Amino acid sequence: MKVVVLWSGGKDSQACLIHSVKKYGQKNVLAVFCDTGWEHEITVSHVEEVCRHMGVELLTLRGEKQFEELCIHKRIFPTGTRRFCTVELKVKPFIDWILDQDESFIIVQGIRASESAKRAMFEVECDYFKGYHIDRATYRKADVLEWAKTHDASVVRPIFNWSAQQVIDYILDNGQRPNELYERGCSRVGCFPCVYARINEIKAVANDEKYRNRLIRLEKDVTAAITKEGVQANFFQTGKIPLRYCRTNKNGSPTVEEVFDYATRFDNLPSLFDDYADSCMSIYHGLCE
């Protein structure tokens, strides 16, 4: 049975990849990376390098549209209540791939209970298609139920009860380094930036011309795609920065340029891209030793 590790380039999935190779054997492991098209180039390089180093096969999947095209098409950005980015760019491409396979799988996910109250309610082991059997999921439901008659997709979450620091320590103890973005102060590395990015992480985007211009351009493109005159599309939601710094929209929804301006006002928020830092900017111990 093939062991599929959902490999994002982040610390949790890296720990799962190491754990899976040690438990199941290198030749039995497949790393699956769902490329959203909105990743930092450091993350993409890390995904590829770790697999080369471990001798693990890497499969890269992409949705019909990548992140920028998807937002323009929908004329809106993802939020906590409409996370279409995850569904369209990760979940659906992976399900499509599974349904094309004529074998069963163990699917390894780097989910931890301490990440959120919602994730704490997850099971350590379950059926990947469990929701389809109790009428919650709908994407390609008939195909999924037919595939599941003769195949199995079992989910395991080996680091479910680990802390974030335990994850970092495990990676280091096994002779690897986590994604370089953690060493530069990021707490999350999937998508750059994510709509949930911290101000310190947003400053990293603001100080990097390539990614700054990419986000400014996308916000303008999504705004242009909205047919109602005067409606502004905002990558970041209301409350991301104090209301007094929001000048464009009366409702307090900041433009990315306003968020960038706010993030770079304060000297105590170091740039993640400074070549020479006085001390380690990571929130995790041991990375800069």
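Assorted remarks:
- The listed residues are Thr255, Thr223, and the only one of them that is of a type outside the set (A, V, I, L, M), crowded, with 20+ Cβ neighbours inside 10 Å and out of contact with any strand residue (DSSP E or B) (no Cβ under 9 Å at 6 or more places or on another chain) turns out to be Thr255.
- All of Glu68, Glu103, Glu49, Glu88 fail the test of being touching a residue at least 60 places away in the same chain (Cβ under 8 Å), in a helix (DSSP H, G or I) and open to solvent by 30 Å² or more (accessible area, probe 1.4 Å), apart from Glu68.
- Met1 being touching a Leu at 6+ places or on another chain (Cβ under 9 Å) and not acidic (Asp, Glu): no
- Among the conditions (1) open to solvent by less than 70 Å² (accessible area, probe 1.4 Å); (2) out of contact with any helix residue (DSSP H, G or I) (no Cβ under 7 Å at 6 or more places or on another chain); (3) under 18 Å from Glu41 (Cβ atoms), the only one that Asn207 does not satisfy is (1).
- Number of the exception - Arg75 against (1) at positive phi; (2) surrounded by fewer than 14 Cβ atoms within 10 Å (Cβ to Cβ): (2)
- Criterion: in a loop (DSSP other than H, G, I, E, B) and in contact with a Gly (Cβ under 6 Å, 6 or more places away or on another chain) - qualifying residue of Thr248, Thr238, Thr227: Thr238
- Failed item, numbered, when Glu57 is tested on (1) more than 16 Å from the chain's Cα centre (by Cα); (2) in contact (Cβ under 8 Å) with a residue 12 or more places away in the chain; (3) under 30 Å from Ala224 (Cβ atoms): (3)
- Failed condition for Gln166, given (1) under 15 Å from Lys11 (Cβ atoms); (2) in a loop (DSSP other than H, G, I, E, B): (2)
The values are calculated or read from the model by the stated rules, or taken from the named source; none is laboratory data. This structure is a prediction, so every number in the text was calculated from the model and none was measured. Here the Cβ is made from the backbone with ideal geometry for all residues, glycine too, and neighbour counts use every protein chain on show. Note: accessible area is taken over every heavy atom of the protein model, side chains too, but ligands, DNA and RNA are not part of it. Shrake-Rupley method; radii C 1.70, N 1.55, O 1.52, S 1.80 Å.
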